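First comes the structure, then the notes that go with it.
The values are calculated or read from the model by the stated rules, or taken from the named source; none is laboratory data. Worth saying up front: this structure is predicted, and the values here are computed from it rather than measured. Glycine gets a Cβ as well: all are built from the backbone with ideal geometry, and neighbour counts include every protein chain shown.
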C-alpha cells in the first residue's frame, strides 16, 4: 500500500451502533484508501467522451492486443459496438459498426491469440457466434457460424499453446470445448481434440 504521512489522521473504522456492518466496513476501507493515497498520486482523467453529453457509453473491457485496449461501448448513433483505445482521445475509435444503425451488437466474452482478438458477438445478421479482429475494420469478421440455425453462444476464451479454447454449442453436439488458432491459415474453430 502507500505510506501514510505522519499528519494524516486514521479514520474511525468502527461501525456505528445499529449500522449495517458490511456497509460500514466498506466505508471505512474506502476512507483508509483515500487517507493512505499519497499527495503525488496522478489524478484520473477522461480519455474520451465516447457517447457525448450526459448519456453513458457503458464501456465493458474485452481484451488487449498490440498496445490497444478493446472494449464495447454504446453511442446514440451506433448502439453498442466494438471500440479500441491506445489511451489517448485521438487513439480511441470505433473498430467496426457490426450492426449498422443504432440497434447495436451484443458483445460477450473475448480472448487473444496469434495477434487477434476472438470474441462473441450477436449482430442483426447472426446470433451469438465467434468473431475475430486484428484491430482494423477490414480485419473484423465472423470467424464461423458454428450453429447455423441458432446461437452457439461462445464463451470463456482461454489461450493454450497458440490457440484459444472456448465453450460453444453447434446445435448438434451440445455445449462442448472448441479451439481456434485465429490465424488466417487455421482460423476455423474445431471441436477440441488432443
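Structural remarks
- Single condition residue 74 does not satisfy, out of (1) under 24 Å from residue 181 (Cα atoms); (2) modelled with pLDDT of 95 or more: (1)
- Only one of the numbered conditions (1) buried (at least 19 other Cβ atoms within 10 Å of the Cβ); (2) in contact with a strand residue (DSSP E or B) (Cβ under 6 Å, 6 or more places away or on another chain) is violated by residue 114, and that is (2).
- Qualifying residue in segment 52-72 (condition: part of a strand (DSSP E or B), in contact (Cβ under 8 Å) with a residue 12 or more places away in the chain and more than 15 Å from the chain's Cα centre (by Cα)): no
- Residue match in segment 31-45 (condition: modelled with pLDDT of 90 or more, closer than 29 Å to residue 143 by Cβ and in a loop (DSSP other than H, G, I, E, B)): no
- Of the candidates 172, 149, 113, 188, the single residue that is within 16 Å of the chain's Cα centre (by Cα), more than 28 Å from residue 46 (Cβ to Cβ) and modelled with pLDDT under 95 is 113.
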